[in-house]
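The structure appears below as structure tokens.
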Amino acid sequence: MDQTNTQTPETPTNTHAHQPTNHLKLILLLILVAVLSSLGTYYVLQSKSQPQISTVPTLVPTQTLPSPIATADETANWKVFNDDKYQFSFKYPSEAVIIGNFDNYSNNKLIGKVVSMKGANLDLTMSLDLNFTDESILKTNEKVALGNSLWYIFFDDPKGNCPPGLGPCVRILQYQTKKNNKLVTFTFREVTKDDKIAQNIISSFKFSDQTGETANWKVFNHNDYSFKYPVDWIVNKLDYLNSTRLTNSNKTLTITVSEGQYPYGFSSSSTNLKIQYITVKVGGKSYQVKEITDDTGAFVDFKIDTVKKHHILYGTGYPASEKSSLSDYNNTKEIIFKILSTFKFLQ
């Protein structure tokens, strides 16, 4: 039997079956390119229309602080009056003229020296009393430390109200200081109480042997400071407040230096209690301090401008001893000022 070879015809492959899909992808790609191109164009146009922000940092000019201005010495070009006989000197304006310079006698006895000068708004008489014993001559309790001395100040402005027969009315400014048995008086006429020329003259006054006066003094060295003191004074170092106590030979006066305030006050039942402000110089700086006195004693306590805030207490009686003498204090005050002026703080 013949077998019939029946073949199943192959289904032809449609090579165009995916063409629509490829066309769609191409169209979408073109649309995407167009959108991106439009966005790019928009961004460029927008960036051109916006103000450009600089990225360069702004330079801030460096601030230059003014340099400290040195204080000029107003007496640098002044003349110096020097008296070798009585061993003192002071400066005065170069334009001033000396109109008097002579020894002063009373009943054929030498009592002192007189110097007068005028010019450059200056009318001055300086006198030296060699035998000063009467402290009542000192007309005022107002005092100030100028130069190396403590000065008593007297000022009188009559303002035209002078008693008959006393001559023309003039303002008087008087500075007085004492050393041993000597009294120095500077009298300025027709000036104000705070006259700068007068202050400069007074600040420049010194006895020629003043520097040598402390040459033989002892030197005390502390971890924080040093100072000079007379050979007959006694120094004690205390643990309390890391203090140093300096006592005079009579044991009536002390100077106490401490870290912080020493717990000692001043009490008095006297009706003659006086409080005044004086200027003292310590460690190269000037301090306005309160001085309290009564009939028997004196008390001064103030803080020093140091890192450890040292205090200085000086006066009569406790803590030195139970002794108390106002006359000792007044007679020793110049020495106290000289001791304080020698202080050198190390920190």
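None of the figures in this text is laboratory data; all of them are computed from the coordinates on show. What you see is a predicted model, and the numbers here were worked out from it, not measured in a lab. Cβ atoms come from the backbone with ideal geometry, glycine included; neighbour counts cover every protein chain shown.
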When we measure straight from the Cα of Lys143, which aspartates and glutamates land under 19 angstrom away, once same-chain ones fewer than 8 places off are left out? Asp134, Glu135, Asp156, Asp157, Asp194, Asp195, Glu291, Asp294, Asp295, Asp301, Asp328, Glu334
Normalised by the residues of the range 214-345, what does the relative contact order come to in percent, with Cα pairs under 8 Å and at least six apart? 26 percent
For the range 282-289, Karplus couplings with θ = phi - 60° (6.51, -1.76, 1.60), whole Hz, Gly/Pro x: 9, x, x, 10, 9, 10, 8, 10
Give me Arg171, Arg245 ranked fewest to most by other Cβ atoms within 10 Å of their Cβ, as a rough exposure proxy. Arg171, Arg245
Based on other C-beta atoms within 10 Å, arrange Thr316, Thr247 from fewest to most. Thr247, Thr316
Let me know the volume per residue of the alpha-carbon convex hull for the range 214-345, in Å³. 98 Å³
Amide H to amide H, which residues 5 or more places from Lys218 or on other chains are under 5 Å from it, using H placed in the peptide plane? Tyr229, Val231
If amide H atoms are modeled at 1.01 Å from N in the peptide plane, then the residues at a separation of 5 or more from Val191, or on another chain, having amide H under 5 Å from its own are Arg171, Leu173
Using the Kirkwood formula on alpha carbons, the hydrodynamic radius of the range 79-211 in angstrom works out to 15.6 Å
